[in-house]
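Only one structure is covered here, and it is reproduced in the block below.
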Amino acid sequence: MKNTSGYAAHSPESALEPFQFERRDLGADDVAIDILFCGVCHSDLHTARSEWAGIVYPVVPGHEIIGRVSATGTDVTSFHAGDMVGVGCLVDSCQTCTECADGLEQFCINGATGTYNDPERQTGKPTRGGYSERIVVRDKFVLRIPEGLDPAAAAPLLCAGITTYSPLRHWNVSVGHKVGVVGLGGLGHMAVKLAHAMGAHVVLFTTSPDKRADALRLGADEVVVSKNADEMAKHASSFHFILNTVSARHNLDEYLVLLKRDGVMTLVGAPAEPHPSPTVFALLTNRRSIAGSPIGGIAETQEMLDFCAEKGIASDIEIIPMQQINEAYERMLKGDVRYRFVIDISSLRSD
Ligand code: NAP
Ligand code: ZN
């Protein structure tokens, strides 16, 4: 076992602070990775502060991991020491159920293993994430980072990228579709870039008027400030698909009424508090639907990484040292992220 430095939250109220723990020994099908960068997802904050159920402390968050392979187990054939690799929200699953057989490990019937705060299959101890100097991951859950992607800017693709790519693909977003993206944060800015690259007409909804110019630069065709009822009304019954990335409770009806016949609004934002129930009339008018979507499977995550490399897409990032993580959380809560914090893990080694 290897002693490992990281940052952990010890209670919902406490700041993240330095924490030492052990990574498991390398198994036959394991890959050991020296972490270079880790993106900061709003889910890290929800978890560290126990805003979701079932949190076990201490929590080492981080599921947007980029690093270099340092060693491989005896049965590993697809990775070699020195490879640039990624790890997203999943580090294991049963590999035997029908969902795993379909490459949809996020729906594993026996329970996929999250990168942090889940029982590790090999040891029974809680998994610990990428706010740390190294990680050991089963080879099937390691992603290949294509040449040409900047490693730091690629980190957020491992969660924000796949979480938005997967529903855009599932609901067949393409040329000729009018697509709304709600919220311009980590997930939202990836959704704008990806939907634009898929050929859709993209409308960004924001509560922050000062993000308008950025949204247009990122690929939105139009920007609507959602607090402005007149601007919202101009888009009534016009969208094929809306991807809602908002991290806080809000009124869904304001967006549902913008869907055309058979339009779908998919929720990927996962607030601590439930949204107020939508009104039935906003749904039955135009036969609208609300859906949800969690992250994505490993094969689709690799497809997304390859798509991003081909299209020249990565995240817009602000690199921070590990020591600034608590300030970064406060800024994230204010919507003050342009558009993803990424931790330079080399800063951990100077702690
Ligand atoms: P983020 O960077 O903090 O972005 C969230 C954005 O939501 C903000 O930038 C803001 O955009 C908007 N917003 C925040 N508070 C709002 C409010 N009270 N009313 C309206 N809009 C508000 O967060 P993120 O990392 O993108 O994550 C977004 C959500 O997705 C989180 O709940 C996270 O846990 C969840 N998530 C889900 C999955 C999944 O598998 N489904 C995966 C990853 C993350 P504007 O300033 O533009 O309004
Ligand atoms: Zn995430």
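Give the number of residues within region 201-224 that are outside any loop (DSSP other than H, G, I, E, B) and crowded, with 16+ Cβ neighbours inside 10 Å. Summing the residues that are outside any loop (DSSP other than H, G, I, E, B) and crowded, with 16+ Cβ neighbours inside 10 Å in region 201-224 gives 14. Residues in region 295-314 include at least one that is within 11 Å of ligand 1 (Cβ to nearest atom), of a type in the set (A, V, I, L, M) and under 20 Å from residue 164 (Cα atoms). Comparison of 229, 272, 248 shows that the only residue that is away from ligand 1 (no atom under 11 Å from the Cβ) and hydrophobic (A, V, I, L, M, F, W, C) is 229.
Listed by position, the strands (runs of 3 or more DSSP E) contained in region 17-83 that have at least 3 residues being crowded, with 24+ Cβ neighbours inside 10 Å and more than 14 Å from ligand 2 (Cβ to nearest atom) are 30-39. The residues of region 1-15 that are more than 16 Å from ligand 2 (Cβ to nearest atom) and among the aliphatic types (A, V, I, L, M), listed by number, are 1, 8, 15.
Can you pull out the residues in region 146-165 that are within 18 Å of the chain's Cα centre (by Cα) and surrounded by fewer than 24 Cβ atoms within 10 Å (Cβ to Cβ)?
Of everything in region 146-165, those that are within 18 Å of the chain's Cα centre (by Cα) and surrounded by fewer than 24 Cβ atoms within 10 Å (Cβ to Cβ) turn out to be 149, 150, 151, 152, 153.
Scoring residue 179 on the criteria (1) surrounded by 24 or more Cβ atoms within 10 Å (Cβ to Cβ); (2) within 30 Å of residue 121 (Cβ to Cβ) leaves a single failure, condition (2).
Within region 12-30, the residues that satisfy the criterion of being within 23 Å of the chain's Cα centre (by Cα) and farther than 16 Å from residue 132 by Cβ are 12, 15. Scanning region 51-73 for residues that are at pLDDT 95 or above, under 22 Å from residue 18 (Cα atoms) and more than 19 Å from the chain's Cα centre (by Cα) yields 57, 58.
Can you tell me which residue within region 95-106, out of those that are at negative phi and surrounded by fewer than 16 Cβ atoms within 10 Å (Cβ to Cβ), is nearest to the chain's Cα centre (by Cα)? Ranking the qualifying residues of region 95-106, first place goes to 102.
The values are calculated or read from the model by the stated rules, or taken from the named source; none is laboratory data. Given the structure is predicted, the values throughout are model-derived calculations rather than measurements. Ideal geometry is used to build each Cβ from the backbone, glycine not excepted, and the neighbour counts take in all protein chains shown.
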